[in-house]
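The values are calculated or read from the model by the stated rules, or taken from the named source; none is laboratory data. Just so it is clear, the model here is predicted, and its values are computed rather than measured. Neighbour counts run over all protein chains shown; Cβ positions are idealised from the backbone, glycine included. Each accessible area value is taken on the protein alone, full model and side chains, heavy atoms only, with ligands, DNA and RNA left out. Shrake-Rupley method; radii C 1.70, N 1.55, O 1.52, S 1.80 Å.
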Amino acid sequence: MVGEAVSGFRTGDRPGHDGVDIMAARGTVVRAAAGGVVVRVRCNVGGDSWEPTGGPMPCDSDGYPGLGGCGWYAEIRHPGDVVTRYCHLIRQPAVTVGEPVTAGQPIGYVGSSGNSSGPHLHYEAHDGYPATEDNAVDPIPFMRRKGVPL
């Protein structure tokens, strides 16, 4: 996915922002940053979180600022216990928990589900498994060091 990072990692006005926001048009393909295994697929809004049911879910429509949550998202665990998280997808991710993925494989599509003001990808990198607030790292320099520029 090609896009411009417009909101940084843990900025002064957003100290709890554990990733970067990459602007892209609604429906743009989101691809795995590197190979690994899908460890989480969730719908997360308003302080609640659910595994996909196969039926309608609260994340199936656009969210709004203040709603809270990542909307539809997927997490991939990579070698070395690195985890990447892809949030605000337009619909349930195209991957399932336990599925191996390759670098560049489509995993979903840009949307605006959850705590979102418009279509974009919220992208996180975590140096440790499972992904937590404590092991979130700034994805741009971290991924550059891993040889995957953002």
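Restricting segment 99-150 to residues that are at pLDDT 95 or above, open to solvent by 40 Å² or more (accessible area, probe 1.4 Å) and among the hydroxyl-bearing types (Ser, Thr, Tyr), which is nearest to the chain's Cα centre (by Cα)? The qualifying residue nearest to the chain's Cα centre (by Cα) is TYR109. The single condition among (1) outside any loop (DSSP other than H, G, I, E, B); (2) open to solvent by less than 40 Å² (accessible area, probe 1.4 Å); (3) at pLDDT below 95 that GLU75 does not meet is (3). Scanning segment 1-18 for residues that are farther than 16 Å from TYR109 by Cβ and in contact with a Leu (Cβ under 9 Å, 6 or more places away or on another chain) turns up just one, ALA5. Does PRO52 qualify as being in contact (Cβ under 8 Å) with a residue 24 or more places away in the chain and loosely packed, with under 14 Cβ neighbours inside 10 Å? Spelling it out, it is not the case that PRO52 is in contact (Cβ under 8 Å) with a residue 24 or more places away in the chain and loosely packed, with under 14 Cβ neighbours inside 10 Å. The residues in segment 53-67 that are of a type in the set (A, V, I, L, M, F, W, C) and over 17 Å from the mean Cα position of the chain (by Cα) can be counted, and the count is 1. The C-beta contact set for segment 116-129 (first residue outside any strand (DSSP E or B), second residue of a type in the set (S, T, N, Q), distance under 7 angstrom, 6+ apart or interchain) comprises GLY118/SER112; PRO119/SER112; GLY128/ASN135. Among the residues of segment 47-64, those that are closer than 11 Å to ASN115 by Cα and at pLDDT 95 or above comprise CYS59, ASP62, GLY63, TYR64.
Taken over segment 117-135, the residue count meeting the criterion of being under 20 Å from ARG31 (Cα atoms) and either out of contact with any Ser or Thr (no Cβ under 8 Å at 6 or more places or on another chain) or not hydroxyl-bearing (Ser, Thr, Tyr) (or both) is 10. Residues of segment 81-98 that are in a loop (DSSP other than H, G, I, E, B) and either in contact with a Lys or Arg (Cβ under 7 Å, 6 or more places away or on another chain) or at pLDDT below 95 (or both): ILE90, VAL97.
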